[in-house]
């Protein structure tokens, strides 16, 4: 699997049983938390919109939470960086955990499910403050994304997918359209066979 490389695959194998160690190390660095119903922060450009979701809403009174499903808890370190994201699943009081590490022009994320099973490891590569490329290795395959910009606007993301054996899968492109004021208008998913579908569209106000 030349596109993904051996480094991230080796890292994925090495981290399979490290949930508790990583959780303790990360949570020791958390100095404050924020709670939302739904994903609020974009860990990558337009991350929740690409999943067809709206931005989450703040939980102003945590004591009134009736369900932990889709509850997102963000943990920040003393540099105001998000180092932990806990997302409630369909089982009450159980969460998926994403741990984040920051170095120079690289951000690394490690995702475990509610059963503490390692789901994926992802490396995000930045240039000049912009995300340019990501490589993900997971339980069910791998993915590489290349982020293409025109001036300061993200125009499209090229997505290459591979199965668990490293064979090339369905490639696709996410295309971004913007309103006159620069706000996101829509995201279209496009495939090589010519098929495309709008996966996100901004609702305009009155």
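Points worth noting:
- Test: residue in region 52-61 that is out of contact with any helix residue (DSSP H, G or I) (no Cβ under 7 Å at 6 or more places or on another chain), within 30 Å of residue 168 (Cβ to Cβ) and either loosely packed, with under 15 Cβ neighbours inside 10 Å or modelled with pLDDT under 95 (or both): yes
- Residues in region 113-127 that are over 12 Å from the mean Cα position of the chain (by Cα) and assigned to a strand (DSSP E or B) were compared, and the one that is surrounded by the most Cβ atoms within 10 Å (Cβ to Cβ) is 118.
- Residue satisfying all of: in region 128-138; farther than 12 Å from residue 166 by Cα and in contact with a strand residue (DSSP E or B) (Cβ under 8 Å, 6 or more places away or on another chain); surrounded by the most Cβ atoms within 10 Å (Cβ to Cβ) among these: 136
- Condition broken by residue 147, with the remaining ones in (1) modelled with pLDDT of 90 or more; (2) part of a loop (DSSP other than H, G, I, E, B); (3) surrounded by 12 or more Cβ atoms within 10 Å (Cβ to Cβ) satisfied: (2)
- Hits in region 88-108 - residues which are surrounded by fewer than 19 Cβ atoms within 10 Å (Cβ to Cβ) and under 23 Å from residue 142 (Cβ atoms): 96, 101, 102, 103, 105, 106, 108
The values are calculated or read from the model by the stated rules, or taken from the named source; none is laboratory data. The model shown is predicted, which means the values in this text are computed figures rather than measured ones. Glycine also receives a Cβ, built like all others from the backbone with ideal geometry; neighbour counts cover every protein chain displayed.
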